[in-house]
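Down below is the structure, laid out as structure tokens.
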Amino acid sequence: MADIKIRRMTWLDVEEVTKVEEASFAIPWTKEAFMNEMLRNDQAIYFVAVHERRVVGFVGVWQIVDEGHITNIAVLPEYRGQGIGNLLLTQLVEFARSKSLAALTLEVRVSNIGAQKLYEQFGFENAGRRKRYYQDNNEDAYIYWAKLGSETDGHIAHPRD
């Protein structure tokens, strides 16, 4: 794997994060949406993956009371398959634990098997389905949940092999 650093996102990263988003999603969030997340949403926390001073991936979560809703996670296509998603999720789980969050949740496309496998490695479980969730093609989404335990109790901490 390339020398990747994970750090908190700042508003200065918005331009590059938007490029990662546009390379990853059919209906990407806009630059303005990310600026709003950084400057006006107190519940939003984002981390970026940086390689040679370039943002190559990111993950975001909204902290809602004692739960975290993962809003998006993306890695540039040319950096996929190198474990960057694992690094981002590991950082997010560590952050969630530091804030005493009880659980994490997210939605994932039914067709996105690679992402589902990644989430399952972290202990996420399929808890249901949202019909016609995605606006670009009316694809369903699976709802994934993971309870956060301590690092030693067997709940999500680090990816399982």
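Computed log10 I(q)/I(0) for region 4-147 at 0.10, 0.12, 0.14, 0.18 Å⁻¹: -0.31, -0.46, -0.64, -1.12, from the Debye equation with unit scatterers placed on every C-alpha and solvent omitted. Estimated at 0.36 nm per residue, the fully extended path between Ala103 and Arg130 surpasses their Cα-Cα distance by 7.8 nm. Close Lys pairs in the chain (alpha-carbon distance under 25 Å; sequence gap of 8 or more, or different chains): 10. In a DSSP loop and with at most 11 other Cβ atoms within 10 Å, the trypsin sites (Lys or Arg not before Pro) in region 1-78 are Arg53.
May I ask for the net charge around Val108, where only other residues with Cβ less than 11 Å from the Cβ of Val108 are counted and Lys, Arg are +1 while Asp, Glu are -1? Mind dumping the intermediate values first?
Numbers: positive: Arg109, Lys117, Arg129, Arg130; negative: Glu107, Glu120, Glu139, Asp140.
Result for the local shell: 0.
Considering only Val17, Val50, Val93, the Gaussian network model of the chain with Cα springs below 10 Å gives its largest mean-square fluctuation to Val50. Ignoring GluC sites (Glu not before Pro) that are buried or in helix or strand per DSSP, and keeping those with at most 13 other beta carbon atoms within 10 Å, what is the longest stretch of the chain between them? Excluding the exposed sites themselves, the longest stretch runs over 53-150. In the chain, Cα pairs under 8 Å separated by at least six residues give a relative contact order of 18 percent.
In nm, what is the difference between 0.36 nm times the number of residues separating Gln43 and Asn138 and their Cα-Cα distance? Please report the intermediate quantities before stating the final value.
Numbers: separation 95, 0.36 × 95 = 34.20 nm, distance 2.81 nm.
So the chain would gain 31.4 nm between Gln43 and Asn138.
All of the numbers you see were taken from the coordinates with simple rules; none came from a lab. In this text, all values refer to a predicted model and were calculated from it rather than measured experimentally. For neighbour counting, all protein chains shown are included, and Cβ atoms are generated from backbone atoms with ideal geometry for every residue, glycine included.
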